[in-house]
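A short write-up of the structure that comes next.
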Amino acid sequence: MHHRDRRLRRRRAAHQRVGAHGIISSELAIRLARAVGFRNILVHRYAEVDDDVVVQNLAFTGGLTDFVHEVSQWIEAQRG
C-alpha cells in the first residue's frame, strides 16, 4: 500500500471513530471523510479538476461549522 493511501485511510478512519464515539453525528463523519478525499484531488491533482465540481463542493464549508458546533456540544455535555 502506498504511503499516501495509508494516510488517507487514517484520516477517514479518524472521522469514523469520532462519529462512532458520538462526538459528532455519523452523517457529519461521512461528510468529513468525503471532504478529505476531495481535498486530496484538489491538492495533489489526482484527476483533472472541473471548476463546476469545485464550486459545488464549496458548499461543504458548512460542514466545518457543523463540526465545531457538534464538538462544542459534546465538550459541554462532558463537563456537566
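Based on the Kirkwood radius over alpha-carbon pairs, what value in µm²/s does the Stokes-Einstein equation return for the translational diffusion coefficient of the range 16-80 at 10 °C and 1.306 mPa s?
Values: Rh = 13.1 Å.
Here the translational diffusion coefficient equals 122 µm²/s.
What are the ³J(HN,Hα) couplings of the range 28-45, residue after residue, when phi is run through the Karplus curve with 6.51, -1.76, 1.60 and θ = phi - 60°? Round to Hz, x for glycine and proline.
5, 4, 5, 4, 5, 4, 5, 5, 4, x, 5, 4, 5, 4, 5, 6, 9, 6
Multiplying the sequence separation of ILE75 and LEU58 by 0.36 nm and subtracting their Cα-Cα distance, what value in nm do you get?
So the extension gain works out to 3.4 nm.
Each reported figure results from applying straightforward, stated rules to the coordinates on display, with no laboratory input. Everything numeric in this text was worked out from a predicted model, so none of it was measured.
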